[in-house]
Amino acid sequence: MNEQLSERERLILDKLSQLGTISVSDLAAELQLSEVTIRSDLNELEEKGWLQRTRGGAAPAFHRDILERQRLHMEEKQVIARAAAELVENGDVIMIEAGTTTALIARYLMGKRDIHIVTNSTLVFSYARMNPALQITMTGGEFRRPTESLVGPIALETISRLNVRLAFVGTDGFSLHRGMTTHLVEGGEIVKAMKAHAERTILVADSSKYGKVGFVSVLPLQEVDLIITDRNLSAQAVTELHEAAIRVQLI
């Protein structure tokens, strides 16, 4: 599956993020292309999971906040997710927490066999459902549209009954001194529950999140088995993480 987007597809997604909905006729006029070409582009983007086709146009497949976050640091997120997926072995049972980087992991599991995913993310589900080789367990719970996540007591109860080899989690910010942080209390509870029921917990986050601090503290970085991030992480950050014996994989 090819996750790369053309310049025109990125432009279409920019418009969709700004306007909420887009029409074939307006896009064709603005881009000076035929409506046939625009329809083809929209159909391709729908197949990739970026939008939903509507009569005469398209609407976001997900909440606009998610669409905006998907577009940020897109290339870094893709290489991080690909590296994370390489850690998954045939026959694995894994957990994937809600997030735009974590969700991409499901896209890179093509060719793996007998993989069972447990997730609280409807974004993960939208990607994983396109791969018939994947078995998917949704946690259930209360749906939070801005994060495309299922949270609350039902989600936590489901996670508490299951045990997996790997848990892939995300964050709104991370640093040596503050650890993993998030803006939502409920999201932090999900991460803690997944860590408690996984043999290894892997944080996937692009380097732009280093040094950022969310409202809620989740976990010290010392409690994460591996951090996968991109090579734009500063040399100072790499040094302080290594000196603290925190395992970091730069992609």
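The values are calculated or read from the model by the stated rules, or taken from the named source; none is laboratory data. Note that the structure is a prediction, hence the values are computed from the model and not measured. Virtual Cβ from ideal backbone geometry, glycine too; neighbours counted across all protein chains shown. We work out accessible area using only protein heavy atoms, side chains counted, and drop any ligands, DNA or RNA first. Shrake-Rupley method; radii C 1.70, N 1.55, O 1.52, S 1.80 Å.
Give the peptides 143-156, 96-109 in descending order of average Cβ contacts within 10 Å, highest first.
96-109, 143-156
Under unit Cβ charges (Lys, Arg +1; Asp, Glu -1), what dipole magnitude, rounded to 20 debye, does the chain have relative to its Cα centre?
240 debye
Treating only the Cβ of Lys, Arg, Asp and Glu as charged (+1, +1, -1, -1), what charge dipole size does the stretch 125-190 show about its Cα centre? Round to the nearest 20 debye.
With only Lys, Arg, Asp and Glu charged at Cβ, the dipole is about 200 debye.
Could you tell me which of the pairs LYS77/LYS195; LYS112/LYS212; LYS15/LYS195; LYS15/LYS192; LYS77/LYS112 are separated by over 29 angstrom between their Cα atoms in the structure shown?
LYS112/LYS212; LYS15/LYS195; LYS15/LYS192
Could you please state how large a percent of the accessible area of the chain is carbon and sulfur, counting protein chains only and using a 1.4 Å probe?
48 percent
Give, rounded to the nearest 20 debye, the magnitude of the charge dipole that the stretch 171-221 has about its Cα centre when Lys and Arg contribute +1 at Cβ and Asp and Glu contribute -1 at Cβ.
140 debye
Take every Cα pair under 8 Å in the chain that's 6+ residues apart, average their separations, divide by the length, and report that relative contact order as a whole percent.
That works out to 14 percent.
Can you tell me, using C-alpha contacts under 8 Å and at least 6 residues apart, the relative contact order of the stretch 85-221 as a whole percent?
Computed value for the stretch 85-221: 24 percent relative contact order.
Hey, what's the chain come to in accessible area per residue, 1.4 Å probe, Å²?
Each residue of the chain exposes 47 Å² on average to a 1.4 Å probe.
Using a Debye calculation, one point per C-alpha and no hydration shell, please list log10 I(q)/I(0) for the stretch 41-166 at q = 0.21 Å⁻¹ in order.
Those come out to -1.29, one per q.
Have a look at ALA59, THR239, GLY173 and report the one farthest towards the positive end of the charge dipole of the chain, computed about the Cα centre with Cβ charges (Lys/Arg +1, Asp/Glu -1).
ALA59
Which value results for Rg/Rh of the chain when Rg is the Cα radius of gyration and Rh the Kirkwood radius based on the inverse mean 1/r?
Rg divided by Rh gives 0.99.
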